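A.B. asks: Sharing a structure with you now.
The values are calculated or read from the model by the stated rules, or taken from the named source; none is laboratory data. Everything numeric here is computed off the predicted structure, so don't read it as measured data. Methodologically, a virtual Cβ is constructed for each residue, glycine included, from the backbone with ideal geometry; neighbour enumeration extends over all protein chains shown. All accessible areas refer to the heavy atoms of the entire protein, side chains included, with ligands and DNA or RNA removed. Shrake-Rupley method; radii C 1.70, N 1.55, O 1.52, S 1.80 Å.
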Amino acid sequence: MNEKRAREILKDWITPEDELFNLSALVSYHVDSVNPGIILDGIFSVEQIEAMVWWMKNCAHDKP
């Protein structure tokens with residue numbers, strides 16, 4: 001997994017702030033949260049889960 005592949009999989013789930021959010025699949029991950037974590041409620045493929053975890057580990061925390 002790399003950033004390009006994660007973006008291809010997650011598409012518009014990635015916000016301009018590099019957070020993850022999708023209301024219809026209920027994905028919510030906020031970078032500046034006091035208790036960082038992700039809320040998930042839906043059916044996700046292994047590839048989507050991999051992309052979300054990769055994003056949380058490699059892109060979201062890079063924000064100042």
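A.B. asks: Tell me which residues, restricted to the range 1-31, are in contact (Cβ under 8 Å) with a residue 40 or more places away in the chain, of a type in the set (A, V, I, L, M, F, W, C) and outside any loop (DSSP other than H, G, I, E, B).
C.D. replies: A6, I9, L10, I14, L20
A.B. asks: If you don't mind, another one. Please state which one of E3, E19 is modelled with pLDDT of 80 or more and crowded, with 17+ Cβ neighbours inside 10 Å. Spell out the reasoning first.
C.D. replies: On the way: E3 fails: crowded, with 17+ Cβ neighbours inside 10 Å.
Only one candidate qualifies: E19.
A.B. asks: Do we find that A60 is at pLDDT below 90 and open to solvent by less than 30 Å² (accessible area, probe 1.4 Å) in this structure? Steps first, please.
C.D. replies: Details: at pLDDT below 90: yes; open to solvent by less than 30 Å² (accessible area, probe 1.4 Å): yes.
Yes, satisfied.
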